[in-house]
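Undergrad: Here you go, one structure.
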Amino acid sequence: LTHRELYERACERLCHEVDKERLRRIRRLAGSGQIYRPQQLFRVATRIAAMTMFGGYSAIYRGSDSGIKSDLLIHDIANGSETDDVETFAITEDIIDATLATDLFNSKGPDRFRFQHQTFAECLAARYLDRMPFRQLQLLLCKRDAVGEYVVPQLAEVAAWVGGSRSDFFDHLIKIEPEVLLRCDMTRRS
């Protein structure tokens, strides 16, 4: 197994571990009690990771407005749908609450949550990008200036995770900024 595969499996396993007391406290206001599959929670976690990494957010806030610019508001996450290996499902505040109650996240005060570790967010954001066409990846993770193309510094770890699993993006990183690849697992590169 690669480093990324091990990391993803660990993150998926954490989606099986829901802190029931935290979930009860979170849902106290919403009043829902639906149970979700761990695969659904994992997919929502990848969405949250991508939104936090690409939006420059440091925490997720359950209220309407925390007044903190670095907080991602839950109602900004709760829209549209996602697909896991089984079905397409709506992204509601309830499923986000259930995801925030997994051991991937910890509380940072009243109604504020963040990933237990920054590398969880980086790995899961890369996982969210797996199905994205190469050109979109390039536009999202790279920028160009008068000197040439480079990886957005704040997204270097995400780019490394993507490069570790996608040969097209790996080859692109070799051309523009190979040192980024020192951050990824290349033990199973062919």
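The values are calculated or read from the model by the stated rules, or taken from the named source; none is laboratory data. Owing to the predicted nature of the structure, the values given are computational and were not obtained by experimental measurement. Don't worry about glycine lacking a Cβ; one is built from the backbone with ideal geometry, like all the others, and counts go over all protein chains shown. The accessibility values were calculated without ligands, DNA or RNA, using every heavy atom of the protein model including side chains. Shrake-Rupley method; radii C 1.70, N 1.55, O 1.52, S 1.80 Å.
Undergrad: Tell me which residues, restricted to the stretch 35-68, are over 15 Å from the mean Cα position of the chain (by Cα), within 18 Å of P110 (Cβ to Cβ) and not polar (S, T, N, Q).
TA: Within the stretch 35-68, Y61, R62, G63, D65, G67, I68 meet the criteria.
Undergrad: Could you name every one of the strands (runs of 3 or more DSSP E) located completely within the stretch 43-98 that has at least 2 residues being surrounded by fewer than 17 Cβ atoms within 10 Å (Cβ to Cβ)?
TA: Numbers: elements: 59-61, 71-73, 81-83, 88-90.
So the answer is 81-83, 88-90.
Undergrad: What residue, of A90, A101, is at pLDDT below 90 and within 23 Å of L23 (Cβ to Cβ)?
TA: A101 is the lone residue from the list that is at pLDDT below 90 and within 23 Å of L23 (Cβ to Cβ).
Undergrad: Every residue in the stretch 93-114 that is free of Cβ contacts under 8 Å to residues at least 40 places away in the same chain and under 17 Å from the mean Cα position of the chain (by Cα), please. Quick ask: steps written out before the conclusion?
TA: In the first step, residues of the stretch 93-114 are kept if they are free of Cβ contacts under 8 Å to residues at least 40 places away in the same chain; the result is 106, 109-110.
If the condition is that a residue be free of Cβ contacts under 8 Å to residues at least 40 places away in the same chain and under 17 Å from the mean Cα position of the chain (by Cα), then N106 is the only one that fits.
Per-residue answers, yes or no, for (1) surrounded by fewer than 19 Cβ atoms within 10 Å (Cβ to Cβ); (2) more than 15 Å from T2 (Cβ to Cβ); (3) out of contact with any Pro (no Cβ under 7 Å at 6 or more places or on another chain):
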site: L124; (1), (2), (3): no, yes, yes
site: R131; (1), (2), (3): yes, yes, yes
site: K143; (1), (2), (3): yes, yes, yes
site: L155; (1), (2), (3): no, yes, yes
site: W161; (1), (2), (3): no, no, yes
site: R166; (1), (2), (3): yes, no, yes
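Undergrad: Restricting attention to the stretch 115-131, report how many residues are more than 16 Å from C15 (Cβ to Cβ) and without any contact (Cβ under 8 Å) to a residue 40 or more places away in the chain.
TA: Adding up the residues that qualify gives 3.
Undergrad: If a residue has to be within 12 Å of T99 (Cβ to Cβ) and surrounded by 17 or more Cβ atoms within 10 Å (Cβ to Cβ) to count, how many in the stretch 1-22 make the cut?
TA: Residues meeting the conditions: 5.
Undergrad: Go through the stretch 99-110 residue by residue and tally those that are open to solvent by 60 Å² or more (accessible area, probe 1.4 Å), outside any strand (DSSP E or B) and within 20 Å of L14 (Cα to Cα).
TA: 1
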